[in-house]
Amino acid sequence: METFSLDDPIMELASSTEQYQWTTREAVQGLFCCGGLGAGKTTGTGRQMALRFLSKKFGGLVMTAKPDEKDVWINYCKLTGREDDLIVIEPRGKYYLNFLQYEASQTDGKNELTDNLVDVLKTVIQAGVEKDSGMSNDGFWESALDMLIFNVIDLCRLAYGKVSIQEMYNIVQTIPKGDPKIDLSSDDGEIKAFDKAFQAARDNITIKIDSWMSNLSDKERTEIITNDNLENEMLDGVPEYRLLKFLDQFFIDTYITLSDKTRSIIDFTFSGFLFRLLREPVYSLFCRHDLSTVTPEDSLKGKIILINLPVKVYHKVGRDCQILFKYIWQRAMEKRNVTENSRPVFLWADEAQNFIHEHDVDFQATARSSRICTVYLTQNLPNLYASMGGKQSEYKVKSFLGTLATKIFHANADIETNRYASELIGDSFFEDQSDSITVAKNVSHTRGRSFKLERVVRPEQFISLKTGGPKNNFKVEGYMHRQGDVIMNGDNHIKMNFNQFYQP
C-alpha cells in the first residue's frame, strides 16, 4: 500500500535568504483562488495546482461548469501519466451511480437510511432554493419540506420495502387535496399511487401484526385483550406500526388539509426536483441501474472522478446532480480511516459559486483530518453571496472562506473582493519622513520621522496584477495569503508568479 506524508512538498517558494514549502499539510487545510475574467486563475494557479496534485497521486472529484473542462483534465492526466485513473461520468458513458442504492448500502438500520436520504435530497434542493429565491431561511417552508420528504420516503419503505425516485414522484403527485379519506378508486378505474402505497403499507403492517400476535402465548394474548392494552403493545412489539401511525397523522390529519396555496409551494419544490432526476440523462446516470460502476470510494484508490454535466450546458439539472454527487462524496471521504488509507484526495470546483451548499462549512471544518484538499476557484465574492442566497449570505460566505487556510488573489476589478483581500493581508507600520525648511533671519532645517499604520497591499493594487498571455510572457501574478503561517520575511503573504505553461 502506498504511503503519503503530510509533509510532502507540493510547491516551493524561495528568495535569496528564505525558503517556504507549501505541503500536503497546507493543502488539506483548503485553498481559495479568486480572480476576475481573464485574470489567469484557471490557467495559472488552477493548472499548476491540478498538475501538482495529480503528480502526487492524489485521488479526487472534479466539478464542471464550462464545456471544455473535461478536455482540460484529460490533458492534465496525460501530462502526469494518470490517464487510466480518470473516470468521467457523462451521458452515454460507462460510469454511473445509483445514489439511492449507494446510500442504502452505507447503513444497516432502516431509520438511518431515511435520515441519510433526506439529508442528501434536502441539501441539493436547498442549494437550489438558496440560489434561486432566497427562501431557505424561512423556518416554516424548510420544516414543511423536511416532513414531506421524510414521510414520502417512509411510505415507500413500508409499502414496497425500497425507495425509488419514480415511486416518490408518483406519490407526491397524487396526494389528495382537501379530503382526508384514502380512496382506492379513481375516475378511470386506476388506483392512484398515493392510495395504492398507503394501502400496501397497511397490508404489510397487518401481516407483521398477525405474525407478532402468533408468536405470543395464549396467556399473553389474553392479558393484552383483558387489559385493553392491545394498541400500546402493538406499538412496542411492531415498530413499523408506530411509523404507520406517524404517516397517517401527517398525511391524513395535517398535510392533506393544508390550503392549496401552501401545498402547491411545498409540492412543486419536491416534485420539481424529483422530476429533474427522472429525465435523461440524469435518470440513467444516477437512478436507473441496479449496480453502480463508480462510487465515491474510487477516489481513495487514486481515481479522479469528473462529472461531465457542465452547468453552462445542463444548467440547473447539471448543477443539482453535481451537488448531489459532491455531498455524497464529501460524506464518504469524511468516514474513511486515514490510518488504513492515507492517500490525500481533492475536491475541485472551478466557478465554485455553482456548487456551494449549506453543509460546506461543517465539511471543511473536518476536511483536514480526513486529508481532503478543497480547491475552490471563483471570480469574486459577490458571486458567492448571490449563490448562497437568503438572509445573511455575506456572513455565511465569509464564514466558509474562513475555513480555507490558503487564499490566492489575482487581478480583479471587483471592489468588494479587493477590499476583502486587502483587509485580510492586513496593516503594517510604514516609516514616514518629513522635511521642513524655514527662512527668516536664519535658515532652519527640520527633519522628522514617524510611523503610520497603513494597508500592506491597497485594494487598487489588485487591479494592475499581470494576467498572463503573450504581453506578460505568460506569467500570472497573484498574492498568496496563509492563515497562521509566516511565508517570507516575517509576513503571512507573498506576491507570486504562476506560469501558464507549467509542466510537472
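Residue by residue through segment 52-71, note down the ones that are part of a helix (DSSP H, G or I), out of contact with any Ser or Thr (no Cβ under 6 Å at 6 or more places or on another chain) and touching a residue at least 12 places away in the same chain (Cβ under 8 Å).
52, 53, 69, 70
Could you list, in sequence order, the residues of segment 217-229 that are in a helix (DSSP H, G or I) and exposed (fewer than 14 other Cβ atoms within 10 Å of the Cβ)?
Scanning segment 217-229 gives 218, 219, 220, 222, 223, 225, 226.
Just to confirm my filter: which strands (runs of 3 or more DSSP E) fall fully inside segment 354-471 and include at least 1 residues that are at pLDDT below 80?
Output list reads 427-439, 443-455.
Considering only segment 263-313, how many residues are without any contact (Cβ under 8 Å) to a residue 40 or more places away in the chain and surrounded by fewer than 20 Cβ atoms within 10 Å (Cβ to Cβ)?
Counting residues in segment 263-313 that are without any contact (Cβ under 8 Å) to a residue 40 or more places away in the chain and surrounded by fewer than 20 Cβ atoms within 10 Å (Cβ to Cβ) gives 5.
Might you let me know whether segment 247-255 holds any residue that is in contact (Cβ under 8 Å) with a residue 60 or more places away in the chain and either within 18 Å of residue 120 (Cα to Cα) or touching a Lys or Arg at 6+ places or on another chain (Cβ under 7 Å) (or both)?
No, every residue in segment 247-255 fails to be in contact (Cβ under 8 Å) with a residue 60 or more places away in the chain and either within 18 Å of residue 120 (Cα to Cα) or touching a Lys or Arg at 6+ places or on another chain (Cβ under 7 Å) (or both).
Please list, ordered by first then second residue, the pairs with beta carbon atoms under 6 Å, 6 or more apart or interchain, first in segment 146-170 and outside any helix (DSSP H, G or I) and open to solvent by 20 Å² or more (accessible area, probe 1.4 Å), second modelled with pLDDT under 95 and among the aromatic types (Phe, Trp, Tyr).
Listed pairs, sorted by first residue: none to list.
Hey, can you tell me all the residues within segment 36-48 that are open to solvent by less than 20 Å² (accessible area, probe 1.4 Å) and either within 24 Å of the chain's Cα centre (by Cα) or within 17 Å of residue 493 (Cα to Cα) (or both)?
Selection gives 36, 41, 45, 46, 48.
For the subset of segment 336-353 comprising residues that are over 13 Å from the mean Cα position of the chain (by Cα) and free of Cβ contacts under 8 Å to residues at least 40 places away in the same chain, which member is surrounded by the fewest Cβ atoms within 10 Å (Cβ to Cβ)?
339
Out of the residues in segment 9-35 that are within 23 Å of the chain's Cα centre (by Cα) and assigned to a loop (DSSP other than H, G, I, E, B), state the one that is surrounded by the most Cβ atoms within 10 Å (Cβ to Cβ).
By that ranking, first place goes to 35.
Looking at (1) surrounded by fewer than 24 Cβ atoms within 10 Å (Cβ to Cβ); (2) under 14 Å from the mean Cα position of the chain (by Cα), which one does residue 372 not meet, given that it meets all the others?
With (1) surrounded by fewer than 24 Cβ atoms within 10 Å (Cβ to Cβ); (2) under 14 Å from the mean Cα position of the chain (by Cα) applied to residue 372, the lone miss is (1).
In segment 382-405, which residue that is more than 14 Å from the chain's Cα centre (by Cα) and within 9 Å of residue 353 (Cα to Cα) is surrounded by the most Cβ atoms within 10 Å (Cβ to Cβ)?
Ranking the qualifying residues of segment 382-405, first place goes to 383.
Residues of segment 73-95 being among the aromatic types (Phe, Trp, Tyr), open to solvent by less than 20 Å² (accessible area, probe 1.4 Å) and in contact with a strand residue (DSSP E or B) (Cβ under 6 Å, 6 or more places away or on another chain), which ones?
73
Looking only at segment 367-403, how many residues end up being closer than 22 Å to residue 483 by Cα and polar (S, T, N, Q)?
The total comes to 8.
Of 387, 369, which residue is in contact (Cβ under 8 Å) with a residue 24 or more places away in the chain and over 23 Å from residue 64 (Cβ atoms)?
Of 387, 369, the one residue that is in contact (Cβ under 8 Å) with a residue 24 or more places away in the chain and over 23 Å from residue 64 (Cβ atoms) is 369.
For segment 99-128, give me each residue that is of a type in the set (Lys, Arg) and modelled with pLDDT of 75 or more.
122, the sole residue that qualifies.
Modelled with pLDDT under 95, under 24 Å from residue 384 (Cβ atoms) and within 18 Å of the chain's Cα centre (by Cα), is that true of residue 320?
Here the answer is yes, as residue 320 does meet what is asked.
Considering only segment 176-216, state which residues are under 38 Å from the mean Cα position of the chain (by Cα), at pLDDT 85 or above and in a loop (DSSP other than H, G, I, E, B).
176, 192
The values are calculated or read from the model by the stated rules, or taken from the named source; none is laboratory data. As the structure is a prediction and not an experimental result, all values here were calculated from the model. Cβ sites come from the backbone with ideal geometry, for glycine too, and all protein chains shown count toward neighbours. Side chains are part of the model used for accessible areas, which takes the heavy atoms of the whole protein and leaves out ligands, DNA and RNA. Shrake-Rupley method; radii C 1.70, N 1.55, O 1.52, S 1.80 Å.
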